[in-house]
Amino acid sequence: MATATATLPYRQLYVNGRWCDAAGGQRMGVVSPATEEAFAEVAKGGRDDCRRAIAAAAAAMPAWMKLTAFDRAKILKKTADLLRERADQFARDMTMEQGKPLVESKGEVLQTADTFEWFAEEAKRAYGRIVPNSVPGKRHFVMHHPVGVVACIGPWNFPMSLQSRKIAPALAAGCTVVSKPASQTPLSTINIFDCLIDAGLPAGVANLVIGPASEIGDEFMANPLVRKVSFTGSTAVGKHLMRQAADTVKRLSLDLGGHAPFIVSPDADPEVVAKAAVLGKFRNNGQVCISPSRFFVHQDISKRFTEVAVEEAKKLKLGNGLDAGTQVGPMFEKKAMDNTLGLIADATGKGAACLTGGKRSAAFEKGYFFEPTILNGLSADAKVLSDEPFAPVMPILDFSKLDDVIAAANNTAYGLAAYVFTNDISVAFKMAEGLEAGIIGLNDPVPATPQCPFGGMKESGLGRELGSEGLQAYLETKYVSLKLRD
Ligand code: NAP
């Protein structure tokens, strides 16, 4: 780690086992969404840095993949332990760069540790199989081989856990990596790297490049040494990467946008569910890929549900995420806030009622603080029902028939998450089977956990992270056929 040369703390890139400045010597600031001020600086890398990092990862690959899974697992487990030990400091860094309340940041650091631990264990379970032969004298085996150098690109909303879902399984599988965090939230990934290094990761096995997305992304996609790109971010960028991947037939894992339905069956308790809905919706200001964003509530209970949701949303304490008691921090950036205002204006312009919120909070002189917002009476063409909102906005829609609501919920290009609240097991199963989503929360507003697969159907992505699927995504399948001597 370099010492600060300016008044702000400064962190560098990590290439081939060394912290280093960007080749071009450039730096950029890390800005707090609560104060709108830079509080740290990082090296701003470019295409040359990225090329060096890929070459280092490729050179480190043969030795890393030859280590036993048990030896790789020791490093990942130690990384998990260090993340837990340092969780309080890492949570502060995350809140400073991303904005979410400390309690959510600490939860994310601990989930990152759990993810490293999960893949430390999964590394040991990359089993092959022996397949019965149909021709006498032949023997057939299926075994696994690491994919190769993996580029890991992550977004800003969960800056630590989403990088860990790529780095941990890739390293567990015997791949080497180059990580590119979102430019505005690099510190959380730097903190993962500090732990990996202190856990004894050999030089070149994991490399960190921070810098402009298009330059670094283009190098990842064009460089034949990169065999896989694992990306979490917007559907638009995911589609762009798919097009670029064609030239070198790169493997892709894509975790993209979502627009999750939240269905409340008439048998559910509207007060209990409204509280769960507010908890799920306003976590991280709705800037969550699996955030519920279309609330379908049965007409028999929608009045009570809406009253309680409005009461609960009004009670949420907005503030700097570093302050004790803050439940909702600032939105991440001005662009996101402006987009939210646009979606609300569009909805109300088309007849929706804004029951609470709807504007930037007047209580703060600086920072992107936005009042938790609830809308109802929306017209079907309101943009907030089709564009991924990624915002603290809860649109409530009444419905009358459970069969119709499945079709309405599926009427989107996305298919990441869906939520159903019911006490009727038959309704629960019909919904779980009928909804086109990779993750279904049944009476559960926060379903993600390291040991279960996470990912989307339709335009929400390709492949799954976490679970045992998360390791398979970094392994090629190799079939070996043996002809015995007569
Ligand atoms: P984004 O604009 O797509 O950026 C995500 C990452 O991709 C950032 O690191 C960004 O770098 C990089 N990037 C941008 N353009 C690129 C390009 N041309 N080539 C290579 N990399 C490029 O998304 P975001 O706004 O940060 O994140 C919000 C989106 O992520 C939402 O749509 C959300 O639903 C989705 N998301 C999905 C999941 C999931 O698991 N399905 C989880 C979380 C978020 P810079 O920061 O340098 O621009």
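The values are calculated or read from the model by the stated rules, or taken from the named source; none is laboratory data. Just so it is clear, the structure is predicted and the values come from calculations on it, not from any experiment. Using ideal geometry, Cβ is built from the backbone for each residue, glycine included, and neighbour counts are taken over all protein chains shown.
Worth pointing out:
- Residue check for Leu187: touching a residue at least 12 places away in the same chain (Cβ under 8 Å), out of contact with any Cys (no Cβ under 8 Å at 6 or more places or on another chain) and within 16 Å of Ala56 (Cβ to Cβ): no
- Residues that are hydroxyl-bearing (Ser, Thr, Tyr) and more than 14 Å from the ligand (Cβ to nearest atom), drawn from region 451-482: Ser468, Tyr474, Thr477, Tyr479, Ser481
- Only residues that are within 6 Å of the ligand (Cβ to nearest atom) and part of a strand (DSSP E or B) were counted across region 146-162, and they come to 1.
- Among the residues of region 171-184, the one identified as without any contact (Cβ under 8 Å) to a residue 40 or more places away in the chain and either within 25 Å of His144 (Cβ to Cβ) or away from the ligand (no atom under 16 Å from the Cβ) (or both) is Ser179.
- Any hit, region 437-444, residues being surrounded by 17 or more Cβ atoms within 10 Å (Cβ to Cβ), within 11 Å of the ligand (Cβ to nearest atom) and at positive phi: no
- Boolean, Ser293 is within 16 Å of the ligand (Cβ to nearest atom) and crowded, with 16+ Cβ neighbours inside 10 Å: yes
- Residues that are at pLDDT 95 or above and touching a helix residue (DSSP H, G or I) at 6+ places or on another chain (Cβ under 8 Å) number at least 3 in the following strands (runs of 3 or more DSSP E) confined to region 1-93: 13-15, 38-43.
- If you go through region 261-273 and keep only what is touching a Phe, Trp or Tyr at 6+ places or on another chain (Cβ under 9 Å) and within 20 Å of Ala408 (Cβ to Cβ), you end up with Pro261, Phe262, Ile263, Val264, Ser265, Ala268, Pro270, Val273.
- Tally, over region 6-28, of residues that are hydroxyl-bearing (Ser, Thr, Tyr) and surrounded by 15 or more Cβ atoms within 10 Å (Cβ to Cβ): 2
- When region 220-242 is filtered for residues that are part of a strand (DSSP E or B) and within 23 Å of Gln287 (Cα to Cα), the ones remaining, listed by number, are Ser230, Phe231, Thr232.
- Odd one out for Ala113, checked against (1) free of Cβ contacts under 8 Å to residues at least 60 places away in the same chain; (2) surrounded by fewer than 24 Cβ atoms within 10 Å (Cβ to Cβ): (2)
- Identity of the residue in region 419-434, out of contact with any helix residue (DSSP H, G or I) (no Cβ under 6 Å at 6 or more places or on another chain) and hydrophobic (A, V, I, L, M, F, W, C), that ends up surrounded by the fewest Cβ atoms within 10 Å (Cβ to Cβ): Ile425
- For beta carbons closer than 8 Å, sequence separation of 6+ or different chains, a first residue in region 212-225 that is within 16 Å of Gly154 (Cβ to Cβ) and a second that is assigned to a loop (DSSP other than H, G, I, E, B) and near the ligand (Cβ under 7 Å from one of its atoms), the qualifying pairs are Pro212/Ser183; Ala213/Ser183.
- Candidates Asp398, Asp486, filtered to the one that is at pLDDT below 95 and either more than 30 Å from Phe116 (Cα to Cα) or crowded, with 18+ Cβ neighbours inside 10 Å (or both): Asp486
- Restricting the search to strands (runs of 3 or more DSSP E) fully inside region 371-457 and requiring at least 2 residues that are over 20 Å from Lys303 (Cβ atoms) and among the hydrophobic types (A, V, I, L, M, F, W, C) gives 417-421, 439-442.
- Residue tally, condition more than 14 Å from the ligand (Cβ to nearest atom), buried (at least 21 other Cβ atoms within 10 Å of the Cβ) and among the hydrophobic types (A, V, I, L, M, F, W, C), over region 201-259: 3
- Qualifying residues in region 140-170 (those that are of a type in the set (Gly, Ala, Ser) and in contact (Cβ under 8 Å) with a residue 60 or more places away in the chain) - the one surrounded by the fewest Cβ atoms within 10 Å (Cβ to Cβ): Gly148
Residue-wise test of (1) assigned to a loop (DSSP other than H, G, I, E, B); (2) under 21 Å from Pro389 (Cα atoms); (3) at pLDDT 95 or above.
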residue	(1), (2), (3)
Val308	no, no, yes
Asn320	yes, no, yes
Thr326	yes, no, yes
Asn339	no, yes, yes
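- No other residue among Ala448, Ala409 is within 25 Å of Leu279 (Cβ to Cβ), small (Gly, Ala, Ser) and away from the ligand (no atom under 14 Å from the Cβ) apart from Ala409.
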